[in-house]
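Here's the structure we're looking at; comments come further down.
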Ligand code: PFF
């Protein structure tokens, strides 16, 4: 019954090019931009990291992103089914690119739940409590609270994806992304104006922090350190553009055939990289003014522990900044989580011919059960596991490691082999230029996808095993 209904319907699509760009940028702009990019830039020599990141973005990032969007648009299929359509022997790659979002979504909802908790706490004018010693750990290790907030977050994603591509994903992205942009710009400007004198009488300013961020620091730069910086930038870029998560194939399949694919991909990259750079301008000067470079960390520690302390020290206005900051993080997290849920849902619709409603209901329920297990990883199911990259992990970190560090580079590598050597880059080039568009980076693209991208992805994979530690 479902299958008949589904087959008779035309495929969903984004109504406009800007709708597609904002939805894809919504996916790309996520926690990676906010909690990892600024930290890496501060750690990896400021301007040196930025420069390397930008070069990789217009070469490696561009080639990988345009490939996935073009695969989606050409096949008009979900990640699970698209690769088979390109080559019947490669359906296993579809399975891998379906498994990645399936692993990521449940734990991303848990992190989204943490953001919810902070946002509500600031909304209730209780921002101060988030700076109390042990607040964050106390919250994530409690039994019910993280599950409750995960439900709220997952429900938001559920509603948006349930409403569909046009009335859900596109409409919300068009509202949330411009607001997110404005908030980031506002906080970044404010951050630059900060000045703080600590207990030892040392005064530091936001502008000094900004110079650490932008000016290349060549002190102590050796060849091997440069290699580490390149590996950091590569991994960050790969994650930041939502590559190998099935997302861009799914979104590409909703892109109208008459839209300019190359131009849209450029715009997504500009948006994602722009927000990452602005996030650095927002976070590095603020953290520097209050605690020097030692205060910089990556991940949950930065946004849930360090930044609330910075907000508190700014008095009443700081609580307001804290509130709009967490609203902005929430928007970034929701638009990313929605994209990953859509990658899962579209796969079920195309493979099993389920209706959208059934696919969203079933897959959200399954994911929710896994989210509960992830939450309890800090409580009932607590254990410590040493990952090959040296990190001590709980359930959430293991999911994160398996998907980001192993499966995603493997999916990326296999995609390059399929496109570069089996179906040939011409397939993608033809899709990009199908309306007679000019493809300025065509030769670069072919070289990248055949030779350089596979090598760089292999480097990312090696780094995951701690080879470059
Ligand atoms: N591009 C996202 C980021 O930088 O945070 C990565 C992402 C993670 C996308 C999780 C979607 C998702 F569910």
Of everything in the range 417-427, what is in a helix (DSSP H, G or I) and closer than 26 Å to residue 235 by Cα? Give them in sequence order. 417, 418, 419, 420, 421, 422
Filtered residues of the range 428-465 (kept if at pLDDT below 95, surrounded by fewer than 14 Cβ atoms within 10 Å (Cβ to Cβ) and not in a loop (DSSP other than H, G, I, E, B)): 462
Which of the residues belonging to the range 401-418 are in contact with a helix residue (DSSP H, G or I) (Cβ under 6 Å, 6 or more places away or on another chain) and farther than 29 Å from residue 31 by Cβ? 418
Among 24, 63, which is the only one that is away from the ligand (no atom under 14 Å from the Cβ), part of a helix (DSSP H, G or I) and under 19 Å from the mean Cα position of the chain (by Cα)? 63
Count, please, the residues in the range 135-171 that happen to be buried (at least 18 other Cβ atoms within 10 Å of the Cβ), more than 14 Å from residue 18 (Cβ to Cβ) and within 20 Å of the chain's Cα centre (by Cα). 10
Enumeration of residues in the range 385-408 that are assigned to a loop (DSSP other than H, G, I, E, B) and either closer than 16 Å to residue 100 by Cβ or touching a strand residue (DSSP E or B) at 6+ places or on another chain (Cβ under 6 Å) (or both): 387
Flag if residue 45 is in a loop (DSSP other than H, G, I, E, B), in contact with a helix residue (DSSP H, G or I) (Cβ under 9 Å, 6 or more places away or on another chain), crowded, with 22+ Cβ neighbours inside 10 Å and at pLDDT below 95: yes
Residues of the range 220-256 satisfying the condition of being assigned to a loop (DSSP other than H, G, I, E, B), more than 11 Å from the ligand (Cβ to nearest atom) and either in contact (Cβ under 8 Å) with a residue 60 or more places away in the chain or within 17 Å of residue 39 (Cβ to Cβ) (or both): 221, 254, 255, 256
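A quick yes/no check of all residues on (1) within 24 Å of the chain's Cα centre (by Cα); (2) surrounded by fewer than 22 Cβ atoms within 10 Å (Cβ to Cβ); (3) not in a helix (DSSP H, G or I):
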site: 273; (1), (2), (3): yes, no, no
site: 286; (1), (2), (3): yes, no, no
site: 289; (1), (2), (3): no, no, no
site: 312; (1), (2), (3): no, yes, no
site: 341; (1), (2), (3): yes, no, no
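The values are calculated or read from the model by the stated rules, or taken from the named source; none is laboratory data. Because the structure is predicted, anything quoted here is derived from the model rather than measured. Cβ atoms come from the backbone with ideal geometry, glycine included; neighbour counts cover every protein chain shown.
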